[in-house]
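In what follows, a single structure is set out as structure tokens and then discussed.
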Amino acid sequence: MSKNVIITGSTSGIGLGVAEAFAKNRDNVIFNGLEPNGAEIAANYAEKYSIKTGFIHSNLMTPEGVQELINYSYETLGSIDVLVNNAGIQHVSPVEDFPIEKYHQIIALNMNAAFYASKAVFAKMKAQGFGRIINISSVHGIRASEYKSAYVMAKHGVIGLTKVLALEGALHNVTSNAICPGYVKTPLVEGQIADQAKAHHMSENEVIEKIMLKKQAVKSFIPVEKIAEMALFLAAENATSISGAHFVLDGGWSAQ
Ligand code: NAD
């Protein structure tokens with residue numbers, strides 16, 4: 001049976017890849033993100049896969065923005081079976097120079113939005129006896145890197161939320177799991193490659209080899225499709241016993 005799915009930050013990168021996997025599976029998808037072509041993306045997917053889609057441009061940095069997305073999703077699809085908390089941003093800076101505003105933005109989007117959205121769908125998921133919450137954390141949800149204080153804090157926090165929701169949903173077939181990717185070549189990471197190349201006077205290829213993939217045993221970026229396949233697996237009816245867990249797709253980074 002097809003499911004109704006919300007994916008935050010799904011007009012780019014990992015979220016878009018996850019949306020594609022659900023769409024191919026004939027699930028209905030609510031898209032969200034700041035990219036200007038979001039409505040077009042949603043319309044194209046509806047036509048290509050014969051599914052229902054919707055798009056809303058809500059800024060998820062505030063509880064009101066998150067509520068707007070959730071209200072729109074229920075109005076458009078009637079019910080929600082799967083919530084993928086994916087929207088995220090990054091800022092890299094030594095802690096002593098970390099701009100306070102950037103810190104608040106990262107915590108607001110990468111962590112608080114996952115709480116607000118989960119809170120807003122949870123009672124209905126419990127009542128319908130089915131729910132799947134999938135949080136896109138990061139290898140930085142279980143490991144640290146220098147200059148990423150706010151991001152590492154937020155991603156660790158999301159894993160904490162994942163565990164609590166698993167306990168609270170356990171008797172209602174509402175599961176909650178996190179996916180922790182290593183580096184995935186999306187616009188978020190492309191920005192970091194360009195910044196680091198400038199900062200270290202290196203070519204972008206040198207940055208990828210010497211800095212970015214240094215901690216991964218497998219020296220290649222994690223394909224978006226692999227994360228999407230994992231999300232689809234966790235959303236399945238028969239994944240009911242898998243809850244409160246985090247799954248690393250990090251090319252061996254955290255094995256070390
Ligand atoms: P991306 O920049 O390609 O996509 C991020 C999405 O979030 C975009 O659609 C963007 O519009 C949306 N977004 C940004 N600010 C928003 C806001 N205020 N309100 C609503 N939407 C907003 O990035 P990505 O690499 O695909 O990252 C997706 C998630 O995966 C993030 O949570 C990121 O931390 C996580 N992640 C990424 C990597 C990586 O290497 N790319 C690794 C581990 C985890």
Given the options ILE133, ILE159, ILE208, name the one that is touching a Ser or Thr at 6+ places or on another chain (Cβ under 6 Å), within 16 Å of the ligand (Cβ to nearest atom) and over 22 Å from GLY33 (Cα atoms).
ILE159
Restricting to segment 15-31, count the residues that are in contact with a Ser or Thr (Cβ under 6 Å, 6 or more places away or on another chain) and among the hydrophobic types (A, V, I, L, M, F, W, C).
5
Using the structure shown, decide if SER149 is among the polar types (S, T, N, Q) and under 13 Å from the mean Cα position of the chain (by Cα).
no
Within the bounds of segment 169-185, is there any residue that is buried (at least 24 other Cβ atoms within 10 Å of the Cβ), within 14 Å of the ligand (Cβ to nearest atom) and among the hydroxyl-bearing types (Ser, Thr, Tyr)?
no
Taking the conditions exactly as written (modelled with pLDDT of 95 or more, within 15 Å of the ligand (Cβ to nearest atom) and surrounded by 18 or more Cβ atoms within 10 Å (Cβ to Cβ)), does ILE80 satisfy them or not?
no
Criterion first (within 14 Å of the ligand (Cβ to nearest atom) and not basic (Lys, Arg)) does GLY54 satisfy it?
no
Taking the criterion of being modelled with pLDDT under 95 and in contact with a Pro (Cβ under 9 Å, 6 or more places away or on another chain), would at least one residue in segment 55-72 satisfy it?
no
When the residues of segment 211-227 are narrowed to those that are open to solvent by less than 50 Å² (accessible area, probe 1.4 Å) and either away from the ligand (no atom under 14 Å from the Cβ) or assigned to a loop (DSSP other than H, G, I, E, B) (or both), which ends up nearest to PHE247 (Cα to Cα)?
ILE222
Condition broken by ILE134, with the remaining ones in (1) open to solvent by 10 Å² or more (accessible area, probe 1.4 Å); (2) touching a residue at least 12 places away in the same chain (Cβ under 8 Å) satisfied
(1)
Looking only at strands (runs of 3 or more DSSP E) that lie completely in segment 1-101, which have at least 3 residues being farther than 22 Å from ALA150 by Cα and in contact (Cβ under 8 Å) with a residue 12 or more places away in the chain?
4-7, 28-32, 53-56
Output yes when any residue across segment 197-205 is among the basic types (Lys, Arg) and farther than 27 Å from LEU161 by Cβ, and no when none is.
yes
Restricting attention to segment 228-256, the residues that are open to solvent by less than 30 Å² (accessible area, probe 1.4 Å), over 13 Å from VAL174 (Cα atoms) and assigned to a helix (DSSP H, G or I) number exactly 4
Which numbered condition GLY160 fails, given (1) buried (at least 24 other Cβ atoms within 10 Å of the Cβ); (2) within 16 Å of the chain's Cα centre (by Cα)
(1)
Every listed condition ((1) away from the ligand (no atom under 13 Å from the Cβ); (2) under 22 Å from ILE222 (Cβ atoms); (3) touching a residue at least 60 places away in the same chain (Cβ under 8 Å)) holds for ALA144 save (3)
Exactly one of ALA194, ALA108 is aliphatic (A, V, I, L, M), without any contact (Cβ under 8 Å) to a residue 12 or more places away in the chain, open to solvent by 10 Å² or more (accessible area, probe 1.4 Å) and within 15 Å of the ligand (Cβ to nearest atom), and that residue is ALA194
Selection status of LYS52, open to solvent by 50 Å² or more (accessible area, probe 1.4 Å) and either touching an Asp or Glu at 6+ places or on another chain (Cβ under 9 Å) or not small (Gly, Ala, Ser) (or both)
yes
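The values are calculated or read from the model by the stated rules, or taken from the named source; none is laboratory data. For clarity, every value in this text was computed on a predicted model and none was experimentally measured. Counting neighbours? That spans all protein chains shown, and the Cβs are built from the backbone with ideal geometry, glycine included. These area figures cover heavy atoms from the full protein model, side chains too; ligands, DNA and RNA do not enter into them. Shrake-Rupley method; radii C 1.70, N 1.55, O 1.52, S 1.80 Å.
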